[in-house]
1. When the residues of segment 477-500 are narrowed to those that are surrounded by 14 or more Cβ atoms within 10 Å (Cβ to Cβ) and among the polar types (S, T, N, Q), which ends up nearest to Y28 (Cα to Cα)?
2. Show the residue pairs meeting these rules: Cβ distance below 9 Å; 6+ apart or different chains; first residue within segment 141-166 and farther than 28 Å from V185 by Cβ; second residue charged (D, E, K, R).
3. Checking the condition more than 20 Å from the chain's Cα centre (by Cα) and part of a helix (DSSP H, G or I), which residue from M452, M415 passes?
4. Output yes when any residue across segment 400-407 is outside any helix (DSSP H, G or I) and in contact with a helix residue (DSSP H, G or I) (Cβ under 6 Å, 6 or more places away or on another chain), and no when none is.
5. Determine whether segment 462-476 contains at least one residue that is loosely packed, with under 14 Cβ neighbours inside 10 Å and touching a Ser or Thr at 6+ places or on another chain (Cβ under 8 Å).
6. Can you find a residue that is assigned to a helix (DSSP H, G or I), at pLDDT below 90, surrounded by fewer than 24 Cβ atoms within 10 Å (Cβ to Cβ) and of a type outside the set (D, E) anywhere in segment 281-288?
7. Taking segment 102-133 as the region of interest, how many residues are among the aromatic types (F, W, Y) and within 16 Å of the chain's Cα centre (by Cα)?
8. Of all the residues that make up segment 7-16, how many are in a helix (DSSP H, G or I) and touching a helix residue (DSSP H, G or I) at 6+ places or on another chain (Cβ under 6 Å)?
Amino acid sequence: MQEIVSTLNNWVWSEALIYLCLGAGLFYSILTRFGQVRHFKEMFKLLVSSNDSDKGISSFQALAVSLSGRVGVGNIAGVAAAIGFGGPGAVFWMWVVAFLGASTAYVESTLGQLYKVEEDGQYRGGPAYYFERALGWRWLGILFAIAAIIGCGIFLPGVQANAVGNAVTQIFGDGNMVVTSFGEVGTHKLVALAVILIVLAFIIFGGIRRIANFTQIVVPFMALGYIVMALIVVFLNLDKVGDIFWLILSDAFTAQAGFGAAIGWGVKRGIYSNEAGQGSGPHAAAAAEVDHPSQQGLVQAFSVYIDTLFVCTATALMILITQQYNVVGELPAGQFIVQNVAADTEIGSAAFTQLALQSVFGSLGPIFVGIALFFFAFTTILAYYYITETNVAYLNRIFKGKLPLMLFKVLLMAMVAYGTVNSAGYIWGIGDIGVGLMAWINIIGILVIFFMYKPTMRCLKDYEEQQKAGGPITFDPVKLGIKNATFWERRLQAQQKTDK
């Protein structure tokens, strides 16, 4: 199985996908005149917007739901893996993909808003919807929906759950060993699994509003707490900070682990973490109640900054400042280029981060990481469920109820159970395949939409013109020559009738 997963992973995550992600980000950054920088103040302003309704959620809630998907195990264990396999320079490439990816996030999330629909009393949207409505390519919508269900409903939940199980074991030990079909599993890990499944079932059977209400409280709290811990580590080692940043920048181009390894691991883990271009963010973006599609696009661009430039950087600084990491060379396989901790320390886990905090806070360090991992991973699983639900709903529209959502709720919970009790091994590889499949389809699709119709550029220009004129902010897709944005057409017609 390890060999099969590794082979598939190499095919999906070829150099072509890595440079496609970077190229798309640069392309949209130039076209939007680096809107991710110009509109930074507007992004922050939109975060506090309180618009919501019985059918939609506020911009902040949509940000929280999307951040729950972005801020996860990738921010703790993923950064450690990037450093362990790509060297400190991989962190620089994570920054690059975040900066450029913010423009990609703007485009895909604006599309999610633009082509959303109202179904079963709530807003739904995402790549499957905008491929069908913008391009008229239902087959591409079906293809993405299937990839998203496989990736977010089957492959990715196990990665998050696996990290929680490993963190619990790191803190409390295995406990008594129980023989299961998956081998021997410690009782402490089984207790953690029971807690995850009970709380998960309660929330996912409550729909998007229950998910939004939960994440808008937990996500800001957990992200802020984690960053504060990192700032304490940085403050206690201020004399090392300059050298660490120089190490990251210099190693980005003269990489110890190889230039290709630094870029490859930096981009792969960057996209896994911030999800820019992957096509997951537009699902939450579509659920938001806003006055203009570009508003939610800008909010989602800001979420990429929070994820990578803040949370991932916090992890990287803790690991590098305390020097609690190893770097493995590509050739010969398994040979350490840098070895600061025990050789058997699992690179594809949260171990480096736990050791970093342990070196500063003692026994409290690993406990804090374990708690952070639990909340990071749990909220990410919620986001994966919502993405799965949205794409199952899309397929139900076509196949008329032949894909019951209840089945996928049970399947997702089964994958969480499997990921928790399974050893790390190929779990990360399976998750990478899921991310890669979605990214391939989504990035190519949004590029095709741009070259054929340019709807997101028209939206941004319209929004900027209304801002410059002092408002009020409205949206008329027909006036902009955008077709099949039926939600917004009906909304404008309803507003005009009310005004009369």
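1. This residue is N484.
2. Short answer, once both residue conditions are applied: G141/E132; G141/R133; I142/E132.
3. On inspection, the qualifying residue turns out to be M452.
4. Yes: segment 400-407 contains one or more residues that are outside any helix (DSSP H, G or I) and in contact with a helix residue (DSSP H, G or I) (Cβ under 6 Å, 6 or more places away or on another chain).
5. Within segment 462-476, none of the residues are loosely packed, with under 14 Cβ neighbours inside 10 Å and touching a Ser or Thr at 6+ places or on another chain (Cβ under 8 Å).
6. no
7. Of the residues in that region, 1 qualify.
8. 3
The values are calculated or read from the model by the stated rules, or taken from the named source; none is laboratory data. Since the structure is predicted, the reported quantities are computational estimates derived from the model, not experimental observations. With ideal geometry, Cβ positions are generated from the backbone for all residues, glycine too; neighbour counts draw on all protein chains shown.
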